[in-house]
Structures are given as structure tokens and as C-alpha cells.
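Chemist: Below is the structure I would like to discuss, written out as C-alpha cells.
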Amino acid sequence: MKKVKEAILKLKKAKNAIILAHYYQEPDIQEIADYVGDSLGLSQEAVKANADIILFAGVHFMAETAKILNPNKKVILPDLAAGCSLAESCPPEIFKKFIDAHPDHIVITYVNCSAEIKAMSHLVCTSSNAVKIVSSVPKNIPIIFAPDKNLGRYIEQETGRKMVLWDGSCVVHEAFSLDKLIALHKKHPNAKIIAHPESEAHILETAAYIGSTSGMIAFVKTNPAEEFIVATEAGILYKMQQEVPDKLLIPAPAQENNTCACSECGFMKMNTLQKVYDCLLNETPEIIVSKKIRTKALLPIERMLELSH
Ligand code: 13P
Ligand code: SF4
């Protein structure tokens, strides 16, 4: 493992490459990354990237967003099959019909979608700026929100605004079990429950804090509580524990999963240290976005970045 890590760091330097990694990546990958963050932070970092190659250790839509923001850089992803159930839940042809059926609506899409979907959107958002982005639209303009219905419902609650929601969801965040969570909380009555807004409403109702992966890490750092039950993908616990070494972090339990007490995103975990090495060595698989789609998808992403300052 140590040898592979050293080889990656050497290659990275020789090729003037940077590695951007999401918090859900395995610890070994997070350790060799130049930046580890949430979707918004990763997009902002991609804009600043002063490199010839961006190796994106995350899922496809994240690498695609980095490519849209950096058309002249080579963007590579260790495993092209690293998708996302939310992105998959929103096929472009069907989404186009959905938009056509709701004329006069502003289309806001969660960044967890394909470049084709972004190209049909007026605004893009991430979990850390979703409420702000939706609130930026004048109240008299109706909104379509896609693809995550759970995040959509959460925004509706926060803004008091009804939206037309696409029926998509994240398989990982929908797997949390309320019964098991309540039982776990009884065992740790002083623990604060924190949750990602992709979780279902009944999980969010139990949470003392709801936010993006970065938001959750910031919360455990600043909140005086000593114990937290964390309802998001278990990969976040690595960085979170480093930030609060003396606090107890307990992964929220998933349904029908008695072999493991936590939830893992199979897409995120497709990337391995060896695949990172091979990808950097061969500079493939490469993310390609057509100029036509890129030009259209760039606008709503740029609007989001502008509104996120
Ligand atoms: P964040 O932007 O909060 O890191 O979320 C990304 C994601 O895919 C959550 O499942
Ligand atoms: Fe997509 Fe869910 Fe995996 Fe995040 S955790 S990448 S939303 S499938």
C-alpha cells in the first residue's frame, strides 16, 4: 500500500496532476489527495486547479462537473462505472418531456445529475447551497427541482416554497432504518443525530443538524456534544474522526444490513488506490463532454458558483 501511495505521489508531481477526492472515498485515497471535500468545495477547487491533469476520486457526475469547468485540462476518473443512483434516476429524454410539461418553470438541478440534465437547467445546486439557490429565485416563478425528491422536500420545508419534484433518490441515504436509529439513540441518549438532506423525511425529523458532508464535519467540530450519530455514507467518518479525535462518532444503521452497521456507497467505493495509480499512469479513463453540452451545462454551474460566494 505504501509503495503504491509513493508511486502515485511521484506520478502526480511528474505529470503536474492534482487529485481531488470526496469524503466518501476510502481513507487511503483521501490520504494522497490534494484536496478532500464536498461537492461544492470540489467544484470550487476544480476552478482554481493549476494543473494539467485533474484526477477525480469521486463519482462520474463530479468528474464531469470538473471537466465542464476545465475544458482544457485532462480530467480522469479511476473507474468510469462509478455512477450515482440519483444521476441514473433522471434520464435526459424523459426529463426533457417533464420540463416541457411544465412550461414557465425555472429548472434547478442538484449537482448529482448528468451533464445533459445540467444543460437543461437554469441553476445547479449542491447540498450546501440548495436553500440559498432556491431562495434566489423570485417567489412568483414556479420551480422544477430534480433529481432528489428528499432534498427537494427538505428545501420546500426550509423555504416554505412548493416545487415540482422529480421522483429520484439516493439508494444509500434511503437505506437508513428509523427503528434501528431510534433504538441506537436510546443506547446513546446524549448523542446528537446529524443527517445529510438526501435522507428521508422521517430520518431528517430526528436530526439536530442537517447539512452537506462539509457542513456535518463543521457541526461536530463546533458543537459541544461529545457523541454524534452520523446519517450519511460511512466514508465521512475518516475525516470527521481526525477533526474530533476525542468525540464518539457512530454511523447511523441501515435496514436489511445486518453484516455491517453502516452505509456505504458502492459507486464511490469502486475507486481503489490501485485504480488511482493505473488511471494516473495511463491517463485514462478520461472524461469527455461534447462542446454543445458543455457550453449549455456551464451556465447553471457558473450561476451557482457566483451565488455561493
Ligand atoms: P455532498 O455535496 O454533501 O458532499 O454530497 C455529495 C453526495 O453525493 C452525497 O451523497
Ligand atoms: Fe450518489 Fe448516493 Fe452515492 Fe452520493 S451516496 S454518490 S447520492 S449514490
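The values are calculated or read from the model by the stated rules, or taken from the named source; none is laboratory data. Owing to the predicted nature of the structure, the values given are computational and were not obtained by experimental measurement. Don't worry about glycine lacking a Cβ; one is built from the backbone with ideal geometry, like all the others, and counts go over all protein chains shown.
Chemist: Give me the helices (runs of 4 or more DSSP H) completely within region 156-223, filtered to those with at least 3 residues that are in contact (Cβ under 8 Å) with a residue 40 or more places away in the chain and away from ligand 1 (no atom under 16 Å from the Cβ), ordered by residue number.
Modeler: Counting at least 3 such residues, we get 178-187.
Chemist: Looking at region 141-155, which of its residues are aliphatic (A, V, I, L, M) and part of a helix (DSSP H, G or I)?
Modeler: Across region 141-155, the qualifying residues are Leu151, Ile155.
Chemist: Identify all residues within region 290-304 that are part of a helix (DSSP H, G or I) and of a type outside the set (A, V, I, L, M, F, W, C); write none if there are none.
Modeler: Lys291, Lys292, Arg294, Thr295, Lys296, Pro300, Glu302, Arg303
Chemist: In the set Leu299, Leu248, Leu280, which member is away from ligand 1 (no atom under 16 Å from the Cβ) and surrounded by 22 or more Cβ atoms within 10 Å (Cβ to Cβ)?
Modeler: Result of the check over Leu299, Leu248, Leu280: Leu280.
Chemist: So which residues in region 58-88 are in contact with a Lys or Arg (Cβ under 9 Å, 6 or more places away or on another chain) and among the small types (Gly, Ala, Ser), if there are any at all?
Modeler: Ala66, Ala82
Chemist: Determine whether Gly168 is touching a Leu at 6+ places or on another chain (Cβ under 6 Å) and of a type outside the set (S, T, N, Q).
Modeler: yes
Chemist: Looking at region 1-12, which of the residues that are charged (D, E, K, R) and within 19 Å of Lys74 (Cα to Cα) is nearest to ligand 1 (Cβ to nearest atom)?
Modeler: Ranking the candidates gives Lys12 first.
Chemist: When the residues of region 256-269 are narrowed to those that are exposed (fewer than 14 other Cβ atoms within 10 Å of the Cβ) and within 16 Å of ligand 2 (Cβ to nearest atom), which ends up modelled with the lowest pLDDT?
Modeler: That would be Cys260.
Residue by residue, here is whether (1) crowded, with 18+ Cβ neighbours inside 10 Å; (2) within 14 Å of ligand 1 (Cβ to nearest atom); (3) of a type outside the set (Asp, Glu) holds:
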residue: Ala14; (1), (2), (3): no, no, yes
residue: Tyr24; (1), (2), (3): yes, yes, yes
residue: Ile29; (1), (2), (3): yes, no, yes
residue: Asp38; (1), (2), (3): yes, yes, no
residue: Val47; (1), (2), (3): no, no, yes
residue: Ile54; (1), (2), (3): yes, no, yes
residue: Ala63; (1), (2), (3): yes, yes, yes
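Chemist: Can you name the residue in region 219-236 that is of a type in the set (Gly, Ala, Ser) and in contact with a helix residue (DSSP H, G or I) (Cβ under 9 Å, 6 or more places away or on another chain) and, of all such residues, is nearest to ligand 2 (Cβ to nearest atom)?
Modeler: In this case the residue turns out to be Gly235.
Chemist: If the requirement is being charged (D, E, K, R) and more than 16 Å from ligand 1 (Cβ to nearest atom), which of these qualifies: Glu243, Glu233, Glu286?
Modeler: Answer to the selection: Glu286.
Chemist: Can you tell me which residues in region 175-218 are of a type in the set (A, V, I, L, M) and in contact with a Leu (Cβ under 9 Å, 6 or more places away or on another chain)?
Modeler: Once the filter is applied, which keeps residues that are of a type in the set (A, V, I, L, M) and in contact with a Leu (Cβ under 9 Å, 6 or more places away or on another chain), region 175-218 yields Ala191, Ile193, Ala195, Ile203, Ile210.
Chemist: Which of the following residues is under 19 Å from Ser199 (Cβ atoms) and not basic (Lys, Arg): Gln242, Gln274, Gln255?
Modeler: Gln255
Chemist: Output the residue which, of all residues in region 182-211 that are of a type in the set (Ser, Thr, Tyr) and farther than 18 Å from Gln241 by Cβ, is nearest to the chain's Cα centre (by Cα).
Modeler: Ser199
Chemist: Continuing with the same structure: Applying the selection to region 80-128, what residues are closer than 28 Å to Met270 by Cβ, more than 16 Å from ligand 2 (Cβ to nearest atom) and crowded, with 18+ Cβ neighbours inside 10 Å?
Modeler: Passing the criteria: Phe95, Glu116, Ala119, Met120, Ser121.
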